[in-house]
Amino acid sequence: YQPLIYLDQLKVTEWDVVSYYAKVQTAPGAYTTPLSFIEIRPFREDILKMTGDKNGGKNNRYQLLSELTGLIKQQTNLLQQTHQHMGTTYVNNDQRLQDAVKLSTGENELSIATDHFFGKIASQSENTPVGPILDELSQAEQQMNRATQDLQDDVAADGKQQEQGALTHLIACRKAFQ
């Protein structure tokens with residue numbers, strides 16, 4: 001089976017991120033594929049034009065955009081791990097709780113990195129209108145903090161929902177940054 005995803009039917013725009021997975025019901029049980037992502041990125045030349053460096057060099061805006069994209073990548077990785085955690089059947093409860101703590105720790109570290117990025121944007125953009133960017137970062141961090149708590153409390157479904165919300169705000173932040 002080879003599924004096709006028609007991105008033009010999803011009405012995606014530059015910087016959107018689409019997630020997908022398949023779930024199969026069989027006679028002995030169910031199987032869920034890993035969570036995968038498709039990121040709609042502009043051409044490299046367009047990114048360089050957006051960041052103000054037409055000569056191909058890397059300037060401050062390009063570095064900030066790269067760092068924001070790194071935060072998005074980390075959030076997608078955590079979502080993949082949470083998705084896998086939810087689909088795993090554990091033999092003992094201790095192992096499941098250990099994995100939940102690892103997920104919680106990863107989400108907390110990403111929240112701290114997002115807060116650091118917030119400070120970096122605020123300090124380097126004093127005379128620039130960055131309100132929408134900072135608002136989206138703040139909302140993403142709040143969702144990450146909620147996800148951290150949900151994962152720590154071993155409520156993976158709620159944690160995954162908060163992680164998805166954080167990813168949505170990070171993507172909106174990158175669009176606002178553009």
Env charge @ LEU151, Cβ radius under 11 Å, K,R +1 / D,E -1, value -4
Please list, in order along segment 128-140, the HN-Hα scalar couplings obtained from phi with the Karplus expression 6.51 cos²θ - 1.76 cosθ + 1.60 (θ = phi - 60°), rounded to whole Hz, x for Gly and Pro.
10, x, 10, x, x, 5, 5, 4, 5, 4, 5, 5, 4
Local charge sum around ILE133 (other residues, Cβ-Cβ under 10 Å, Lys/Arg +1, Asp/Glu -1)?
0
Summed over the other residues with a beta carbon less than 13 angstrom from that of GLU39, with K and R at +1 and D and E at -1, the charge totals +2
Toy charge model, Lys and Arg Cβ at +1, Asp and Glu Cβ at -1: the chain dipole around Cα centroid in debye, rounded to 20, equals 540 debye
Please find, in a Gaussian network model of the chain (springs between Cα atoms separated by less than 10 Å), the residue of LEU68, LEU48, LEU167 whose mean-square fluctuation is greatest.
LEU48
Packing-based ranking, highest mean first, of 35-43, 120-128, 95-103, 6-14 given that Cβ atoms within 10 Å are counted
95-103, 35-43, 120-128, 6-14
Give the residue from GLY131, ALA176, GLN142 lying farthest towards the positive end of the charge dipole for the chain; charges sit on Cβ (+1 for Lys and Arg, -1 for Asp and Glu) and the dipole is referred to the Cα centre.
ALA176
For ASP94, ASP150, give me the order by solvent-accessible area with a 1.4 Å probe, most accessible first, ignoring ligands, DNA and RNA.
ASP94, ASP150
Top mean-square fluctuation among MET144, MET50, MET86, Gaussian network model of the chain, C-alpha springs under 10 Å?
MET50
Return the FRET efficiency for the residue pair GLU14, GLN84: r is the Cβ-Cβ distance, R0 is 35 Å, and the value is rounded to the nearest 0.05.
0.75
Please find, in a Gaussian network model of the chain (springs between Cα atoms separated by less than 10 Å), the residue of ILE72, ILE133, ILE47 whose mean-square fluctuation is greatest.
ILE47
Taking a cut-off of 20 Å between Cα atoms, list the aspartates and glutamates near LYS23, but don't count ones fewer than 8 places away on the same chain.
ASP158
Hey, rough spin-label estimate for THR168 and GLN25, points 7 angstrom out along Cα→Cβ, what's it come to in nanometres?
2.7 nm
Would you work out which of HIS85, SER66, SER111 lies farthest towards the positive end of the dipole of segment 28-178? Charges go on Cβ: Lys and Arg +1, Asp and Glu -1.
SER66
Heavy-atom accessible area of the chain with neighbours in place, 1.4 angstrom probe: carbon+sulfur share in percent works out to 49 percent
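The values are calculated or read from the model by the stated rules, or taken from the named source; none is laboratory data. Small disclaimer: the values here were computed from a predicted structure and weren't measured. Positions of Cβ are backbone-derived with ideal geometry, glycine not excepted, and every protein chain shown enters the neighbour counts. Protein only, heavy atoms only, side chains kept; ligands, DNA and RNA dropped before computing areas. Shrake-Rupley method; radii C 1.70, N 1.55, O 1.52, S 1.80 Å.
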